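First comes the structure, then the notes that go with it.
The values are calculated or read from the model by the stated rules, or taken from the named source; none is laboratory data. The shown structure was predicted, so the numbers you read here are calculated from the model rather than taken from an experiment. Note that we place each Cβ from the backbone using ideal geometry, even for glycine, and neighbour counts take in every protein chain shown.
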Amino acid sequence: MSELDAAACYRALVTRDARFDGRFFVAVTTTRIYCRPVCPAPTAKQSHCRFFPSAAAAQQAGFRPCLRCRPETAPEHAAWHGTSNTVSRALALIADGELDGDDADVEVLAARLGVGERHLRRLFDKHLGASPSAVAQTRRVLFAKHLIHETSLKMSEIAFASGFGSVRRFNETFQKLYKKPPSALRRKSSAAAEAGAGGVTLRLRYRPPYDWESMLAFLAARAISGVERVEDGRYARTFREGDEVGTVEVVHAAREQSLLVTVRGGFVRGLPRIVNRVRRVFDLGADVGAIGAHLAGDPRLAPLIAARPGLRVAGGWDAFELAVRAVLGQQVTVAAARKLVEKLVQASGEAVLAGRGLTRLFPAAESVARADLTAFGAPAARLATLTALARATLADPRLFEPTDGVERTIARLTRIAGIGEWTAAIIALRAVREPDAFPPGDRGLERGYAIAVGRPTSTAELMRNAECWRPFRAYAAQHLWVTDASAPAERKEARRAESH
């Protein structure tokens, strides 16, 4: 199990230092309850405290979650911070429901990761202090508790939405853990969090700071008309989950250090996957403090980090969708790429009536694979790449899963005809969520870096200097992109002329 410095943890607990929220959990032996380090309850004596690296470890040790500080609302700890690559990949799969249901099998999870079951269990015990099954069980319980507190969903709906295989198993788990049925945990004011008929609103915490304006500006510049809408500080989009069509709307609740996420649609079981997609798009698991401290070690980046300490890497809602965007964005501007994507959506995307200007779904891989793209208006080679990408996605459902490092991810993607290193790196960065992805030859990065160093630069120099930014080159890329996008137009033109 990961070793924690008990004395340091206790000092953080006494001061209720919010910077440690989500980094560890404290369990009190006299009450058998575990809490976040920011819990407002009176601090227990140090001799009565045990510290755990994860909520799952505390729960596996026999402690139950605090009803006051609600561990399920703690900001996520960055998946790559202090864990192995294999554990990070496993956590991403578990978040997508890999170990949900009564037939969940850790051996199958290990096989998907290319390791043995015993080795996977050892890694989980070393880095998280809990088994994969315990992590999945804790995720289900805490997500269910989140829904109980913040929504008016029926208990049967919450059971299935949180990944329990049956209502009976859901009730048994809560009775064993809390000594009371799940309905007893519901607050009378829970329904007030609802967004209206057919809507569920949840608060998703993040570790501050959060540069919401930059995130929205990045998404707005790439928003697909009909599929996405960025307006009045809100991001909204359509999506399909199974047989259901829905919409999601995200707004920033700065005072609560949260995003308010409203999901509308008739599905229940898909709710964890939808919430997980929101977390990926808005990069809620990032520890921007630790990442920024590492990147600021380079004096060329330090001013950029200081100017935007809460900057995060925007993810993609759907991996295939993001890959299509990347293909159509080859060698064109962001605005031109968006127009090409919008043409594809109008030609192949399903029409829906979601309101507020949301009228289309992004076409699935099946639609693109069988579509006649000849009248689309893009170069023939690029259309051939789209078809090859769609067919590869259908042939390999795991095409966009995280693998053992960004290099292997890029190598796998570049085997698709027409996918080069730049395109593969963009997919790895935004869809696969590789924190060290860095697109070679990206003109926006080169212009941003030239602004940062105050002189013309080259691809070779940028790639060479980016080595010291590992393993967070994706975040350095985001800072350079934003620097380029926010520079005065005449200055960018001057830099572009100088670099040719």
Next on the checklist: Given the criterion of a type in the set (Ser, Thr, Tyr), over 30 Å from Ala364 (Cβ atoms) and either under 25 Å from the mean Cα position of the chain (by Cα) or not assigned by TED's automatic domain parsing to the domain that holds Gly329 (or both), identify the matching residue among Thr409, Thr457, Thr414.
Outcome noted: Thr457
Next on the checklist: Only one of Val278, Val250 is assigned to a strand (DSSP E or B) and either within 15 Å of the chain's Cα centre (by Cα) or crowded, with 20+ Cβ neighbours inside 10 Å (or both). Can you tell me which?
Outcome noted: Val250
Checklist entry - What are the residues in the stretch 345-368 that are surrounded by 18 or more Cβ atoms within 10 Å (Cβ to Cβ) and touching a helix residue (DSSP H, G or I) at 6+ places or on another chain (Cβ under 7 Å), if any? => result Ser348, Arg360, Phe362, Pro363, Ala365, Val368
Checklist entry - Just one of Ile416, Ile426, Ile410 is out of contact with any strand residue (DSSP E or B) (no Cβ under 8 Å at 6 or more places or on another chain), closer than 18 Å to Thr333 by Cα, surrounded by 17 or more Cβ atoms within 10 Å (Cβ to Cβ) and aliphatic (A, V, I, L, M); which is it? => result Ile426
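Condition check ((1) of a type in the set (Phe, Trp, Tyr); (2) assigned to a helix (DSSP H, G or I); (3) at pLDDT 95 or above) across all residues:
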| site | (1), (2), (3) |
| --- | --- |
| Val432 | no, no, no |
| Phe438 | yes, no, yes |
| Leu445 | no, yes, yes |
| Arg455 | no, no, no |
| Tyr475 | yes, yes, yes |
| Leu480 | no, yes, yes |
| Glu490 | no, yes, no |
| Glu493 | no, yes, no |
| Arg496 | no, yes, no |
Checklist entry - Residues Ser131, Ser152, Ser166, Ser88: which one is touching a residue at least 12 places away in the same chain (Cβ under 8 Å) and in contact with a Lys or Arg (Cβ under 8 Å, 6 or more places away or on another chain)? => result Ser131
Next on the checklist: Testing Ala197 on (1) part of a helix (DSSP H, G or I); (2) modelled with pLDDT under 95; (3) not hydroxyl-bearing (Ser, Thr, Tyr), one condition comes back false. Which one is that?
Outcome noted: (1)
Checklist entry - Can you name the condition, by its number, that Glu157 falls short on among (1) in a helix (DSSP H, G or I); (2) in contact (Cβ under 8 Å) with a residue 60 or more places away in the chain; (3) over 14 Å from Leu271 (Cα atoms)? => result (3)
Checklist entry - Considering only residues of the stretch 33-53 that are in contact (Cβ under 8 Å) with a residue 12 or more places away in the chain and more than 14 Å from Phe20 (Cβ to Cβ), which is surrounded by the fewest Cβ atoms within 10 Å (Cβ to Cβ)? => result Pro40
Item to check | Selection from the stretch 73-121 of residues that are among the small types (Gly, Ala, Ser), more than 24 Å from Val141 (Cα to Cα), at pLDDT below 85 and touching an Asp or Glu at 6+ places or on another chain (Cβ under 9 Å) | outcome: Gly114
Checklist outcome for this item: How many residues of the stretch 5-45 are part of a loop (DSSP other than H, G, I, E, B) and within 20 Å of Arg207 (Cα to Cα)? The answer is 9
Item to check | Residue satisfying condition, being at pLDDT below 95, more than 29 Å from Arg279 (Cβ to Cβ) and of a type outside the set (Val, Ile, Thr), within set Arg382, Arg391 | outcome: Arg382
